[in-house]
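Quick notes on the structure that follows.
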Amino acid sequence: MKSVLLIDDDIELGELLKEYLSMEGFELTAVHDGESGLQQALSGDYSLVLLDVMLPKKNGFEVLRELRQKSSIPVIMLTARGESVDRVLGLEHGADDYIPKPYHHHELMARIKALFRRIEMSAEEPGSTSTELKVGELALNPATRTATRSGEELPLTGAEFGVLQCLMENVGDLVDKDSLSMAALGRQLMAYDRSIDMHVSNLRKKLGKRDDDSDWIKTVRSRGYMLVRV
């Protein structure tokens, strides 16, 4: 069974999700405050975290910020419907994906399965797992899921790694947002979904500028992104 950690102060929701996810083959552990949730998330016992924004003791953004200093475990943020600021902040702090509350259980299940599908796809890619990708001083190793610039490891989330790998595999070519979403999140992009834009924005910050002060990633308006050849 894949283990999922829910950090949400809604105890009744935790019980309902525990029962629902168990029917889908997942084991859910529910924690109801931010401090306990962070400790559990850092334990290494879980494959995925569902993280609410509004929490006692430590809010979801604080939990995510501290979690990302030590772990790249996939995180789905649970945000209030209509609160686009929460979604942007969650993605900026390193969430892989988000889902607005209230949500239907099958919608959440689809997001969970999509992220696990992305993880499994990246682990099973026969052509890429043994082949290191290089573009200038950028190097990416799919087998170890590490990326470096000039030998220094980049602290990427799983989604950011998926975006970078897809761009490096198609260096010099335009990659549409749907392809990047499948590589990063294991799902097609939804309408008005800015997840990929935010992951690319975070990735740009971590890559920094090239030696000629230009960007590594070029935006092709309304179409997608391109990793520029060196």
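The values are calculated or read from the model by the stated rules, or taken from the named source; none is laboratory data. None of the values given here were measured: they were computed from a predicted structure. All Cβ positions, glycine included, derive from the backbone under ideal geometry; neighbour counts span all protein chains shown. The accessibility values were calculated without ligands, DNA or RNA, using every heavy atom of the protein model including side chains. Shrake-Rupley method; radii C 1.70, N 1.55, O 1.52, S 1.80 Å.
Listed values, structure above:
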quantity: For segment 98-221: accessible area per residue (Å², 1.4 Å); calculated: 49
quantity: Exposure ranking of 77, 190, 1 by accessible area [1.4 Å probe, largest first]; calculated: 1, 190, 77
quantity: Average projection area in nm² (convex hull over Cα atoms of the chain, one quarter of hull surface); calculated: 12.4
quantity: Segment residue 80-residue 191, extension gain: residue separation times 0.36 nm, minus the distance between their alpha carbons; calculated: 38.2 nm
quantity: Simple label model, 7 Å out from Cα along Cβ direction - residue 88 to residue 106, nm; calculated: 3.3
quantity: Normalised convex hull volume, segment 66-107, alpha-carbon set, Å³ per residue; calculated: 68
quantity: Accessible surface of residue 93 - all protein chains present, 1.4 Å probe, nearest 10 Å²; calculated: 50
quantity: Per-residue ³J(HN,Hα) for segment 34-46, Karplus 6.51 cos²θ - 1.76 cosθ + 1.60, θ = phi - 60°, Hz, x for Gly and Pro; calculated: x, 5, 5, x, 4, 4, 5, 4, 7, 6, x, 8, 10
quantity: Tensor-based shape of segment 107-223 (alpha-carbon gyration tensor, a/c under 1.5 rounded, otherwise prolate or oblate); calculated: oblate
quantity: Entries in 2/218; 101/206; 134/209 that, when Cα-Cα distance is taken, lie over 28 Å; calculated: 2/218; 101/206
quantity: Cα pair count fraction exceeding 16 Å, expressed as % - segment 127-169; calculated: 24
quantity: Share of carbon and sulfur in the accessible heavy-atom surface of the chain [1.4 Å probe, %]; calculated: 48
quantity: Value of Rg/Rh across segment 41-101 [Cα atoms, Kirkwood radius]; calculated: 0.94
quantity: Virtual spin-label span in nm between residue 18 and residue 54, 7 Å along Cα→Cβ; calculated: 2.3
quantity: Mean residue ellipticity (222 nm) of the chain, computed from DSSP H runs ≥ 4 via -39,500 (n - 2.57), nearest 500; calculated: -12500 deg cm²/dmol
quantity: Per-residue ³J(HN,Hα) for segment 96-110, Karplus 6.51 cos²θ - 1.76 cosθ + 1.60, θ = phi - 60°, Hz, x for Gly and Pro; calculated: 7, 8, 9, 9, x, 8, x, 10, 7, 4, 5, 5, 5, 4, 4
quantity: Added length on full extension, which subtracts the Cα-Cα distance from 0.36 nm per residue, residue 204 to residue 43; calculated: 55.0 nm
quantity: Å³ per residue enclosed by the Cα convex hull of segment 13-136; calculated: 137
